[in-house]
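The values are calculated or read from the model by the stated rules, or taken from the named source; none is laboratory data. All of these numbers come straight from a predicted model, not from anything done at the bench. All Cβ positions, glycine included, derive from the backbone under ideal geometry; neighbour counts span all protein chains shown. Remember, those area values only see protein heavy atoms, side chains included, never the ligands or the DNA or RNA. Shrake-Rupley method; radii C 1.70, N 1.55, O 1.52, S 1.80 Å.
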Amino acid sequence: MDKMRTGRPTKVLVQLLLFAGLSFLPAVYGVQPQRLIIDVSEDFAQGEADSVILEQPGQLRPGPRVDMLHDFDSTLMWDAVELPNSRDLIIGTGPAGKVFRLDSKGRTRELTAFSESDVYAVALSPKGEIFAASSPDGKVFKMNRQGQFEVWFEHHEKYVWDMQFDGKGRLYLATGQTGKLFRVDARNQGEVVFDAEEPHLRSLVLTPDNEFIIGTTGSGLVYHYQPGREAVVLLDSFRSDISAVAVSDTGIIYVAAVGKKQGNSSKSTVTLNTGEQMLAAVRGLTSSNGSDENENPQADTKATIQKQPISKGKAAVCEIYRIDRQRYPKVIYHSPDEIHSLVWGDGRLLAGAGQGGRFFEIRDNGETALLGNIDSKQVTALLSDSRGGFVLLGSNWGKVARLVLSEKEAGVYTSKVIDSGLFADWGSLKIQGEGRWSVRTRSGNTQNPDKSWYPWQFLKGEKPVSPRARYFQFELRLDSGLVERVDFTFLPQNQAPLIKMVKALEPNQGFVSIKQAAPPVKIQTSSQLLKQQNALPLSMVRYRPVKEAGLRTIVWEATDANADRLQYDLEVRRDGADWETLAAGIEDNVFSWDTRGWPDGVYYARVRASDHMDNGAGKELIAEKTSEAWRIDHASPEIRLVTQSEEAVRIQVTDRGGVLEAVAVSEDGQFYRISIPEDGILDSESEEFTVGRNPEMPIYIRAKDENGNVSGLHIPAEK
């Protein structure tokens, strides 16, 4: 049973947080059992669920039945209506401007393909007549008895975003780019009944009182329109777009407002083209970066259409409002991603999101229940059907599925891959809840599970039998009841320390450690505690520099993947000699000492790091690293006078212990100037110099080698 439920459309994959965000209870030091607790929605949501409902505050339940009806070649599914007798669906799509008929057995028939790119809106008249609106720069079409679409109304707007019939059989059009509401009474008989002074009328929903709720793009306004009266604003969301509206059986209004927060304004302050870009962005087609004031507001956006999600940032990009019968608005949910669709049915509010094709229930108290997802990037439309279920339209790529909440199925929840660090023994895996379930586990050594992983195996009691490995995953088959907590323990393998670098600093430099106590604990808020920001700061070590002849300093960098405390042994040896211990059992990674009395020569330093303080006997691990060669040199350079005359002196400077750093000349013994060797470059143990002179003045010559040793020569004046 290596694969379960292949080919189903109900797999949930929600990466709200990195796996490091789960409730780990780590040890302070050393290799100790690590504990992973999953008991809140955010943690459960990092796994995959097949026919499993994820409810707040953190429960898994057997999920609803979801049937895939059809996988379309078209990329975008925009709108659909159900025919009352056959229960077939009429679907408007893009980007080829096609209208399809889909029956309950998943068979499709293309009804038409318009010259325009998209059919954002379809509608069904009270008589069962099919209407479709093509965009951009399209028209409203009606399907005749021969199955052909003929022009019904020319509105001369760029887009028709939504269409609805009222109780009197009149067709209303929500349009853009100039944000007008049309009423069409008969063929070629229509008029503008409301001008919102907004770029787009985005959403149009009929209330039980035969009135309309309209959502706009531009300033994110929600209007209440009563035929024959002036429309009034029910809500200014201060966001750019009202992406979806739903109305309950009792007239409660639900609104999805998306986009960046704007300043207080009841009128649109954006250009028409900006509003168009915002609308395309929240449709999941292109990123919204605003618009330059000089851009042409009539520019066609077909060329800008891309399959890219809107850029979200860290803040919630969508809010769900509830507007009660007294017209009081209240935010009941903040969403981290776009909500593209809302629908009311069976006493529930369902939402379709733009992250991984998720769909979920939103309750009036703000709690949510993640119901599943379809294999599309966005759920662009939701509608309730005549059988008490829901139809889901997915885009990028286009898919149509049916959701039946009243029918539950056994589901499978698969955890996110757990990374133990390197290698681990698996401890107990405890499931808390009620009902019937079974658990399997698997392990492997690749980050993504593949054929190289060990096969799935059922638990024995509460213990996994999967072999030791780096990565681990569990699978929970939930037949009935609920699961509200998973408690998993594992023991990582101790990892050896890592010494990245050992280096000898320049001569005559020393450092003295100054240990500072940890700063006082700060008073913290409950929010900081919930975010795990309450870790106590460790004591800090600082080093004060000391300058003195003969000092040498060795410094090294070491880490431990298990956060073990480390102790170091420092050894040195002269080239050709044996290693000798300079310091043992130290915890600082800087060591200075006086090398005066040490013989000149080439030396090496070796550091050993051990984690024995935080691991039991026989469990400790050691790492070591050797520095590059460095030199101890106490001998000063030798300056020898070769020849002299009234015009110049010629000298030879030799340093047997290393390389010369500088040779300088002065006539008063105070102010020196650099002298250049005869071969033009100071790069050898021995160099010759010719120094011009004034015979009436003395010459002072000073030589310095790379180890800081200095010598001098005085040549008197010739009188």
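Things worth noting here:
- Between the range 627-684 and the range 211-226, the Cα center-to-center distance that results, in Å: 88
- Against the empirical 2.2 N^0.38 Å (N residues), the range 44-125 has a Cα radius of gyration ratio of 1.43.
- Arg229 paired with Glu678, simple spin-label distance in nm, labels 7 Å along Cα-to-beta-carbon: 11.0
- Under the Debye formula (equal points on every Cα, no solvent term), log10 I(q)/I(0) of the range 471-519 at q = 0.20, 0.21, 0.29, 0.30 Å⁻¹: -1.01, -1.04, -1.20, -1.22
- Computed over the alpha-carbon atoms, the range 446-488 gives an Rg to Rh ratio of 0.99, Rh here being the Kirkwood radius from the mean inverse distance.
- Column: log10 I(q)/I(0), Debye, Cα scatterers of the range 127-261, q = 0.11 Å⁻¹: -0.38
- Efficiency of FRET from Cβ geometry, His156 and Asp185, R₀ 25 Å, rounded to 0.05: 0.90
- Label-point gap, in nm, between Val40 and Leu491 - each point 7 angstrom along Cα→Cβ: 3.0
- Reference-scaled alpha-carbon Rg (2.2 N^0.38 Å with N residues) for the range 561-657: 1.75
- By definition, a body whose alpha carbon gyration tensor gives a ≥ b ≥ c is oblate when a/c is 1.5 or more and a/b is not larger than b/c, and the range 384-456 fits this oblate description.
- Over the Cα atoms of the range 92-135, the radius of gyration divided by the Kirkwood radius equals 1.00; this is the Rg/Rh ratio.
- Considering all C-alpha pairs of the range 567-719, those separated by over 18 Å amount to 67%.
- Projected-area average for the range 56-200 over all orientations - Cα convex hull basis, square nanometres: 11.6
- Listed by chain and number, the aspartates and glutamates whose alpha-carbon sits under 14 Å from that of Lys260, ignoring those within fewer than 8 places in the same chain, are Asp236, Asp241, Glu319, Asp337, Glu338.
- Ile632, Ile674, reordered so the largest accessible area comes first (probe 1.4 Å): Ile674, Ile632
- Across all Cα atoms of the range 650-719, the radius of gyration (one decimal) and Dmax (whole number) stand at 12.1, 38 Å.
- Å³ per residue enclosed by the Cα convex hull of the range 195-242: 64
- Each peptide in 387-395, 662-670 receives the mean, over its residues, of other Cβ atoms within 10 Å, and ordering these scores from highest gives 387-395, 662-670.
- Ordering Trp397, Trp437 by accessible surface, largest first, gives Trp397, Trp437; the 1.4 Å probe counts only protein heavy atoms, with every chain in place.
- Flagged links, alpha-carbon separation over 23 Å, of Lys515/Lys547; Lys168/Lys399; Lys142/Lys180; Lys98/Lys180; Lys105/Lys142; Lys139/Lys180: Lys168/Lys399; Lys98/Lys180; Lys105/Lys142
- To put it simply, the accessible area of the range 601-650 at a 1.4 Å probe is 45 percent carbon and sulfur.
- Averaged over its residues, the range 331-447 has an accessible area of 33 Å² per residue, based on protein heavy atoms and a 1.4 Å probe.
- Accessible area (Å², 1.4 Å probe, nearest 10) - His334: 110
- Residues Lys139, Lys158, sorted by accessible area with the largest first, give Lys139, Lys158 [1.4 Å probe; ligands and nucleic acids excluded].
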